[in-house]
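The values are calculated or read from the model by the stated rules, or taken from the named source; none is laboratory data. All values reported here derive from a predicted model rather than from experimental measurement. Cβ coordinates were reconstructed from backbone atoms using ideal geometry, including for glycine residues, and neighbour counts include every protein chain displayed. Each accessible area value is taken on the protein alone, full model and side chains, heavy atoms only, with ligands, DNA and RNA left out. Shrake-Rupley method; radii C 1.70, N 1.55, O 1.52, S 1.80 Å.
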Amino acid sequence: MTAKETFDRLAAKFPQFPLGYLEGKDTAILVKGENLVGLAQHMRDDEEYDYCSSITGVDYPDRFEVVYHLYSTKKEGGPVILKVHAERENPMLPSVVSIWPTANWQEREVWDLMGIRFSGHPNLTRILMWEGFEGHPLRKDFPGSEDEYIFG
Amino acid sequence: MTELKTETITINMGPQHPSTHGVFRLILTLDGETVVDVEPVVGYLHRNHEKIGEKNNWIQNTPFTDRLDYISPMSNEFAYVLAVEKLAEIEPPERAKYIRIIMVELNRIVNHMIAVGFLLNELGCFFTPMFYCLRWRELVVDLYEMTAGSRMMPNYFWIGGVSADLPEKFLPECKEFVDAVPGFIDELERLLTDNEILQMRCRNVGVLPPDVAVEYGCTGPLLRASGVPYDIRKAEPYSIYDRFDFDIAAGTVGDVLDRYLVRIAEMRQSAKIVEQALRDLPEGETATPKKRKFRPPEGDVYHRIEAPKGELGFYLVSDGSENPYRYKIRAPSFVNLQSLPYMCRGHKIADVVIIIGSIDITMGEVDR
Amino acid sequence: MTQEDTVPPELKRNVFIAPVDWIYNLGRAASVWPVMFGVACCAFEMIVTVTSRFDLARFGMEFLRASPRQSELMIVSGTVTKKMAPQVVRLYDQMPEPKYVLAMGACAISGGPFKDGYNVVPGVDKLLPVNVYVPGCPPRPESLLDAILKLHKQIRAETIRTSPWYRKDADREIPVPEYGPRGLVLPKGDKS
Amino acid sequence: MLGFGILKGMSVTLRRFVDTYVGDLGKFPWRYRSRPVYKRMGITERGAFTIQYPEERVAMFPRYRGPLMLLTDPEKGITRCIGCGLCERTCPTESIKVTRAEEKVDDQRVPETYEYDMNTCMFCGFCVQICPQDALGHSPELEMGTYSKGDALILNLDQMLELGRKHAPGGVWPLEKEAEPS
């Protein structure tokens, strides 16, 4: 099944969700943040996309984008890629941990390095950096860190 | 009989601990000897791969991928190179494709040997099986050094091919090695598989049911040991894996012993693939001409391969310049490690160590 | 003529110390036990150095010790990150004296390929006094063995009179860094 | 049967143990001769696997990537390097600094200074492969450990040329000489 067919079926099924179709190397479906959980629930329960491979945050000049790569361990077929946009100021998206528990650490990583909050996450703390670190290093405007500790 | 109620205690394990495969910390909540909860703390080897990857240009990133999962460098390069080739629509020459498969499958043999060796090490069989396994690793790193020039960080795969053709001695030596692998695995199995200590300590320890394994996003031997025969080499054949004849090993129970058996079976299958690749290896070019910089077209791409530890994916965003705009690594160890608390609950503290060993993590990849 | 007149005052104690030094250093150089402290990629090459092909035990080092309390050499094998830095210093402080540090690989020397990272300490010598540096990424096991032989040479040249280990006045405890909002900071309540 | 697996495992270990020493005895005088070996033990051979390092060395493979050296053209007697600085620009860790001399020697551009910084080098080999003149090579030097970092680990032009003359008198890399099989 091609990505276009998947998109058409989803768009027909959810007329209330405005979905966007993004052409590219990997075709993606653009979802609005508030519709993400509903669509994800459908993808897991009815379409058998039970395996969420990767959650990535990208820092574009005008927006943040979170990309979800969904696969199925039960049926053939390439990935379904969901893309969600978040605004630059105080980005906030719903968490999908309740649907795919694998999102737990990956969302924590996105929060730690990219600074996108996920509402409804059970334990949204820093994972790779320490608690109390300021800033989110993978943002393009991260100034770099400074130490005042030097062995003398 | 009433059960004794005890207070739970919290103990810290790591970051410097001989059994944590590097710098990895666990906060264990214990009720006596029984594990109530485990909280893994990672990030002690966070080396900023993704930030540095955005600073480097596309070609300069290959040696950095070697340092992700430093036990299987060739697989990391393979994933990155395939992702860039998908983005820029480059087709490597036929011979290079076969050479890549040979290297990656040799890597899988080494990785699983080390995983089995470390698992035995953590069972208390201190370093004797490890020495056997590492002796065989030496033979493979010799092949790497002969071909690429470095034991651990070969930097051998290039975008559009491999950096150099195989040396003359490679083919006979590789053949000799691959022919000897089944014999060695037989010996390892004679030494280990029927061993009561191994059976008693590993059977029904750290059981991960198939549905939970999929929920947690586990891949690789961890998922297959739970009885889900999901292998990206078969499910979504990349490169030229559809030309080889091999089987997917799968377990039934999903405990530590099954993971050990799956790894043993995968080593045999890898040896089989290398044998076929050596047989079919065509003559010809191995690389497109070397460039210092190149600019792939705009776009984003995700490519994943079946690395020895699980699904290794690269998500690359290009804005048409010579540096990646976003360079994200989906590391198998990082995702697989999430299932550790689930597997450890209810077991004794000594079992935590072997459960970590059976997941087979590398901290360079977990923390990136 | 008494002994006080013939022996110059600065030599008086050396006459006895020189052979003591020699025997003492010989014993110490032949049994430098490293701590099992693998940080990153180089750790694997360190483990390989222990195994049968290169056999570290030939140099009196037997096997890597799991506890810093029983060891005197810390092979810093890999990138020391800022998150790991307090633990590295704490491990070093826990080792009994005399203690030596061997920086293995480019990352431990200067941060190596990751020196630009926001979470990487640019060289372990920013934290600890380092005795021997081994370049390489990672160094071959032979290079590590050679560095250990160089360390033996350094140990044999030590004298009891000048080594910092045998002085009472020296302040040797290294302050453990703490996590700050922008990087490592000095522990609070400590003079610079 | 309880314990059978353990006995079987112990017999494998014991057989290996005996094998090693019996195999080693068979090669007694040869085994302790100090000479570079290509490989200590093959897959099928028996005997101790250990390389007695300071006395006995593994011969490096021709493609082994060690510290950099500058190759000298044996006919002209000067370096092949023209100081173009391509290696400097391709280095991922910024470990190379080259400046070009004003005057030509023998109708060829030459470098004035060359600084190779082993503090940060990650031995990826890009500089050697990108060099348009094939003037760079990897030396099979192993004993590079020092007691101090910084300047002690930076090789300058003369040191690199000397390394090149020592290890590659023919002025080509990969080094031609194949190690003798053991």
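Pairs spanning more than 24 Å between alpha-carbon atoms, out of C:K126/D:K166; A:K140/B:K293; B:K293/D:K166; A:K140/C:K115; B:K51/B:K234: C:K126/D:K166; B:K293/D:K166; B:K51/B:K234. Enclosing the Cα atoms of chain B in their convex hull gives a volume equal to 133 cubic angstrom per residue. Just how many % of Cα pairs in segment C:19-160 lie over 18 Å apart, if you round to the nearest whole percent? Here the tail beyond 18 Å accounts for 53 percent of pairs. By accessible area, using a 1.4 Å probe on protein heavy atoms only, segment B:1-61 has 54% of its surface on carbon and sulfur.
Solvent-accessible area of segment B:132-239 (1.4 angstrom probe, protein heavy atoms only): carbon and sulfur portion equals 56 percent.
Accessible area ranking (1.4 Å probe, heavy atoms, ligands and nucleic acids excluded), largest first, for B:Y325, A:Y49: B:Y325, A:Y49.
Heavy-atom accessible area buried between chains D and B is around 3600 Å² (1.4 Å probe, both sides summed).
Computed from backbone phi, the HN-Hα couplings of segment B:271-286 come to 4, 5, 5, 4, 4, 5, 5, 5, 5, 8, 3, x, 7, x, 5, 10 Hz, rounded to whole numbers (Karplus: 6.51 cos²θ - 1.76 cosθ + 1.60, θ = phi - 60°; Gly and Pro given as x). Placing unit charges on the Cβ atoms of the charged side chains and taking the dipole of the protein assembly as shown about its Cα centre, the candidate lying farthest along the positive direction among A:T6, C:S77, A:F118 is C:S77. Taken about its Cα centre, segment A:3-119 carries a charge dipole of roughly 100 debye when the Cβ of each Lys and Arg holds +1 and the Cβ of each Asp and Glu holds -1. On a per residue basis, segment A:59-152 carries 40 Å² of accessible surface, using protein heavy atoms and a 1.4 Å probe.
Rounded to the nearest 100 Å², what's the accessible area chains C and D bury against each other, both chains counted, probe 1.4 Å?
Accessible area lost upon association: around 2500 Å².
For segment C:19-160, the per residue solvent-accessible surface stands at 25 Å², with DNA, RNA and ligands left out and a 1.4 Å probe. Note that segment C:137-151 has calculated 3J(HN,Hα) couplings of 8, x, x, 5, x, 4, 5, 5, 4, 4, 5, 5, 5, 5, 5 Hz, one per residue in order, obtained from phi through the Karplus relation 6.51 cos²θ - 1.76 cosθ + 1.60 (θ = phi - 60°); glycine and proline are x. Taking all protein chains together, B:R279, B:R151, C:R156 sort by accessible area into B:R279, C:R156, B:R151, largest first [probe 1.4 Å].
For segment D:68-179, the Kirkwood estimate of hydrodynamic radius, built from reciprocal distances between every pair of different alpha carbons, is 14.3 Å. Buried between A and B is an accessible area of approximately 3300 Å², summed over both sides with a 1.4 Å probe.
Counting Lys +1, Arg +1, Asp -1, Glu -1, what net charge surrounds D:L163 among other residues with beta carbon under 13 Å of its beta carbon? Surrounding charge for D:L163 is -2. Rg of the Cα atoms in the protein assembly as shown, relative to 2.2 N^0.38 Å, amounts to 0.97. Rounded to two decimals, the Cα-based Rg/Rh of chain A, with Kirkwood Rh, is 1.03. Note on D:14-20: average number of Cβ atoms from other chains within 10 Å of each residue's Cβ is 1. Summed over the residues of segment D:60-150 and divided among them, the accessible surface reaches 41 Å² per residue at a probe radius of 1.4 Å. Just so you know, the Cα atoms of segment B:186-343 work out to an Rg and Dmax of 19.3, 59 Å. Taking the protein heavy atoms of chain A in the context of the full set of protein chains, the accessible area attributed to carbon and sulfur is 49 percent at 1.4 Å.
If the only charges are +1 at each Lys and Arg Cβ and -1 at each Asp and Glu Cβ, what is the size of the charge dipole of the protein assembly as shown around the Cα centre, to the nearest 20 debye?
In total the dipole reaches around 1220 debye.
Under the simplified labelling scheme, the B:T10-C:F63 pair shows an inter-label distance of 3.4 nm, with each label point 7 Å from Cα along Cα→Cβ. Go through B:K309/C:K150; B:K291/D:K104; C:K153/C:K188; B:K328/C:K150; A:K75/B:K86; B:K97/C:K83 and tell me which ones have a Cα-Cα distance over 30 Å in this structure. Correct reply: B:K309/C:K150; C:K153/C:K188; B:K328/C:K150; B:K97/C:K83. Shielding of peptide B:202-214 by partners, expressed as the average count of other chain Cβ atoms within 10 Å per residue Cβ, is 1. The residue among B:G43, A:C52, B:M130 whose Cα reaches farthest toward the positive pole of the charge dipole of the protein assembly as shown, with charges on the beta-carbon of Lys, Arg, Asp and Glu, is B:M130. A full extension of the chain between B:F294 and B:I349 corresponds to an added length of 14.6 nm, given 0.36 nm per residue minus the alpha carbon distance. Note on the protein assembly as shown: dipole from Cβ charges, positive end direction compared against B:L68, C:S52, B:A249; the farthest Cα belongs to C:S52. When Rg and Dmax are taken over the Cα atoms of segment B:133-250, they come to 18.4, 50 Å. Magnitude of the charge dipole for chain C, about its Cα centre and with charges confined to Cβ atoms of Lys, Arg (+1) and Asp, Glu (-1), is about 400 debye. The listed residues A:H136, D:H138 rank as A:H136, D:H138 when sorted by accessible area, largest first, using a 1.4 Å probe. Residues of segment D:80-98 buried by at least 50 Å² of accessible area upon assembly of all protein chains, compared with the chain on its own (1.4 Å probe): D:P92. Counting, for every residue in C:36-46, the Cβ atoms of other protein chains within 10 Å of its Cβ and taking the mean gives 6.
What is the calculated FRET efficiency for D:K166 to B:D194, with r their C-beta to C-beta distance and R₀ = 60 Å, to the nearest 0.05?
0.60
Placing pseudo-labels 7 Å out from each Cα toward the beta carbon at B:E33 and B:F170 gives an inter-label distance of 5.1 nm. The Cβ shell under 12 Å around B:V116 holds other residues with a net charge of -1, Lys and Arg each +1, Asp and Glu each -1.
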